[in-house]
1. Any residue at all in the stretch 32-40 that is under 24 Å from the mean Cα position of the chain (by Cα), charged (D, E, K, R) and assigned to a helix (DSSP H, G or I)?
2. Name every residue in the stretch 1-19 that is among the aromatic types (Phe, Trp, Tyr) and not in a helix (DSSP H, G or I), in order of residue number.
3. Picking from 2, 7, 24, which residue would you name as being of a type in the set (A, V, I, L, M) and modelled with pLDDT of 85 or more?
Amino acid sequence: KLVSRFLKDESGATAIEYGLIAALISVALITGATAVGSKLNTVFMGISGSMEDAATKAAAQTGTP
């Protein structure tokens, strides 16, 4: 009786399914965050370069190093 009840119990299978779904969602979130992070890095590097150029030009016009 105990063995047949154990074989009919599907709660373990449900837990495994939820675990797989959570793992897939995690992979999707990590992939998305990596892509967004790379694009943000490119944007901030461009802004940093523009600010450095502006500071260099301002220093050249005022004669300060």
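The values are calculated or read from the model by the stated rules, or taken from the named source; none is laboratory data. Because the structure is a prediction, the values reported are computed rather than measured.
1. Of the residues in the stretch 32-40, the ones under 24 Å from the mean Cα position of the chain (by Cα) are 32-40.
Filter once more, keeping what is charged (D, E, K, R): 39.
Next, from what is left, pick out any that are assigned to a helix (DSSP H, G or I): 39.
The answer is yes; a qualifying residue exists.
2. The initial filter retains those residues of the stretch 1-19 that are among the aromatic types (Phe, Trp, Tyr), namely 6, 18.
Those that are among the aromatic types (Phe, Trp, Tyr) and not in a helix (DSSP H, G or I): none in the stretch 1-19.
3. Being of a type in the set (A, V, I, L, M) and modelled with pLDDT of 85 or more holds for just one of 2, 7, 24, which is 24.
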